[in-house]
Structure formats: structure tokens, C-alpha cells
Amino acid sequence: MHADLLSSPPPRTPHRMAHRPRSRPRGLTAATLLAATLALVIGVGPAAGDPGADFSALLLYPDIHKDFVVFVYGEDLWRAPADGGDARRLTAHAGQELFPKISPDGRWIAFSAQYTGTRQVWVMPSEGGDPRQLTFYSDVGDMPPRGGYDYWIQGWSPDGKILVRMNRTPWFERMGRYFLVDPEGGLETPIPHIPHGGSASFSPDGKALAYTPIDREFRTWKHSLGGRAQDVWIYDLAGNASRRLTTYRGTDNFPMWSGDRIYFTSDRDFTLELFAYDLSSEEVRPVTTAGDTEWDLLWPSLGPENVVFTRGGRLYRMSLADEAVSPILIRVGGARPGAVPAFDDVSDNLGDASLSPNGKRVVFDARGDLFSVPAEHGPTRNLTRSQGVREHSPSWSPDGQWIAYLSDASGEYELYLLPRSGGEPRQLTNDGEVWRFAPVWSPDSKRLAYADRKRRLMVVDVATGEQTE
């Protein structure tokens, strides 16, 4: 786990929603706030029995060209053999490098980086060497994780231009349109008539573009059927005509045009998997299956002979010849100071708070756990210590004996009770079909009330768990 995770909110989950900030209770000193939010970094390792246990994970944004792959690890670019093995670091700048894409001849890597104060498009030799800046127009600045990044490299055109999605629309800074960047220099050129889009890929002859008019690739929504559901389209660049290819109500994205097929990812079979659209028959068929894993297939990228993608932080490749999938087991060497256990101030990650009835303690939710903190003297207690589970919205009972809160330990957010000093929690509800808001106690500590996204007001009997609308 990297050190930068300490100073940023945890990644959003399908259930996570924004909470309005609440003021800190009076009487708490800065020291106790700091004590409440010291977090010990714990390295994330593979499960026991994992055949890839000796190899690295957390590999992002891969691309492949015949016998080698490039990817992002620790916000730097790395190169490794396509058959797996030891990786070689290509960049070491303090700025964040993202979205490497290899040129059709394999000689160059285009990527985006923050070398000069803003995110721009850069190019460097694929074997390593000095990077060269290609764009100079200011980016839109930092956005929340769901907003993604400016200067998102999509790939290369068959004639050697770099396809980049740049956030240059007059109506919203998170939306972008397509530009072509010449690696030899000069101003970037917008692709006309496409006002905005997400992931995209050129046809083999460069005369058309497979793309998604809606972008949602950086959001972690699962099975969204709302207004930002994505479909794959193609755009005829010469005839200025577009055609919709997929009509699934959920997510279809990352189109990759190979011969007479367009590969893309879709969650129509629950997890995101690769599908193929046949341009002749207009039929869609599944290509990959999750098997015994729950991980989505993410960030696929098309090479001359393979598609590379990530699943559970590891790299895999799918042969275009026979669509067989195999893992790419990679070792990333070098110092990793961010993986060393350390304490850090994460007080910016405090969530909701609730005072005990006597005012001597307060319970916070912070980074997915519940912390009981003394107002003046005494120990700080992590009440839940639940790895992989998020607890939030704690509420201390008027009699001081219980803390009610919401937790996704069951897979959906449910209402739980916990003894004031920690211990075994008791689940009060088991119908987490809808988002619940923070619970509120009755004065006699016998009932809890909460509202939900169905605009219902519910009362829960603490002794029996019976709910009344």
C-alpha cells in the first residue's frame, strides 16, 4: 500500500456516498484528534495459495506490443517481458505518470505526466530515455477520483499520431473531446464533429473511430442503468456519420478495434468482462469469464497480437489469434518506501462523530473503522478493526451503553449495534436494498430511527430488530 493512500480518502465503492461535513465536538484537543486518526499502514498481499504470490500486484493502465508490456506502478512507468518476469523502471520523477501507450512500431511510449506543474502529453523511447513534452495547453487541474484525469492517452493512429482525450469542453471540466498529437511536434488537432467521449480506438485503416460518447471509466459504479450508462459507437471520420453498436442498458466501454471485430468490456454478466462485436454479422458474444474470481476485467488495451488487461491488480493477456487468456506474472523490484509500516496524520479523513452522554468520550468513523477517543485523558480505542469492511455514521445511545452504526460487513449496508467499549457487534437489519442515512436514538435507548433513499422513515426496535415504517 502506498503512502499517498494515507493522506487521501479511501477509494469509492459502489455503496459509498458523499456525507456532508460535520463540525468537530468542542472540548477535543488537537492531540486527541491526531490520536484518533493515526493509521498503521499494512501491506496488501496475495491470498494464501495464490500461484502468483511471489509476484507483484497493483499494476495499472497496461499496454502491450508483441514481446513487452508497459504499465504504471507507484505512479511511475515500468516495462516487462510480455511472458512475465522482472520489470524495469522507465521513469522516476516525483510527478505522476499515467496511461502509457506504445507506438505501432514499438519504438515509442506516449504518456501523460506532471513534470512541468500541469498534466501534459509526453513521449519517450520504449527502451527508456529522455521524455519529450508534446503539449503545452494548461490542464483543468486535480479532480475527484470519479472525475478521472485530463490528457488521457487513448492510443496511436495507424499513421503514428497520438489519440488523446483532453478536457476542453465549454460546459464541464470533467468532460473531454478527442485530439491528435503529432510526436514530431506542432499543435494538437481536434477530431471534428465528436463533441465529447470516453474510451476510444481507431479502426485498422484509421478512417473510423470506435468510441463511447459517454465517459464513466473512472467511476466505480456497478451495474448502473442510469443516464451515464455507456454504449459503443463508431464514427466514420470521412463521412461524418456515427452508428451505435451496442444497446445494453448497463456498461459497455473500452472499445478496441481489431480486424472485423471490436472488443469491449461489459458488465452484462455481472462482472466486467471482454465481449466481441462482429462487424459483419452484428452479433455480440462473450470472450472471457471471471471463473472463480470476483474481480472485474479493467483497463484493457489492444496490441498487435494481444489484448492486455488487469484483474485484481495483476496483468493478463488475451491472444487475438485464439482468444486464450494467460497471466503475466511480473516482479517489480526496487525500493518501496511507501510499503514500509508507518504512522501518519490522516485527520482530514475524519467522518461522522457522536459524543457519549457524559461528554467524556466521542466516537468517530475514520478510514472505515470506529474510534473511541477521550475528551482529555485515556486511551484511544479502535472499536471495530475490520479489514475490508467500512463502518460509518456512529451514534451513541442516551444510556451510554451502545453505539449504533452502519456497516457493509454483509455486502450491503446494514444497521449494527456495538458495546460502547467494543466487542461483538449485533446486526439489527438484513434488508440492505437501499441506502440508509445515519441512525438516531430514542431518549429511552430502546429504538432507533433512520431515513433512507426511498424517502421512508423507519423505526427499529433494538431488542427484537423489528422495523416499522
Report relative contact order for the chain in percent, whole number only (criteria: Cα-Cα under 8 Å, sequence separation at least 6).
-> 13
Could you check the simple spin-label distance between GLU433 and SER386, using points 7 Å along Cα→Cβ, in nm with one decimal?
-> 2.2
Give the relative contact order (percent, whole number) for the stretch 355-444; include only Cα pairs under 8 Å separated by 6+ residues.
-> 22
Have a look at GLY95, PRO183, TYR316 and report the one farthest towards the positive end of the charge dipole of the chain, computed about the Cα centre with Cβ charges (Lys/Arg +1, Asp/Glu -1).
-> GLY95
If you take the charge dipole of the chain about its Cα centre, with +1 on Lys and Arg Cβ and -1 on Asp and Glu Cβ, which of LEU448, SER410, SER126 is farthest toward its positive end?
-> LEU448
Across the chain, qualifying lysine pairs (alpha carbons under 29 Å, at least 8 places apart or different chains) come out at 10
Please work out which option in [x] 1.01; [y] 1.49; [z] 1.04 gives Rg/Rh (Cα atoms, Kirkwood Rh) calculated from these coordinates, and answer with its label.
-> [x]
Using Cα pairs closer than 8 Å and at least 6 residues apart in sequence, work out the relative contact order for the stretch 217-347, in percent.
-> 12
Charges only on Cβ, +1 for Lys and Arg, -1 for Asp and Glu: so what's the dipole of the stretch 230-325 about the Cα centre, in debye to the nearest 20?
-> 220
What size of dipole, in debye to the nearest 20, comes out for the chain about its Cα centre when the only charges are +1 on Lys and Arg C-beta atoms and -1 on Asp and Glu C-beta atoms?
-> 1420
What FRET efficiency would be calculated for the residue pair ASP348, GLN96, taking the C-beta separation as r and a Förster radius of 25 Å, to the nearest 0.05?
-> 0.80
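Where a number appears in this text, it was derived from the coordinates with a stated rule and is not lab data. Source: prediction; values computed, not measured. Note that we place each Cβ from the backbone using ideal geometry, even for glycine, and neighbour counts take in every protein chain shown.
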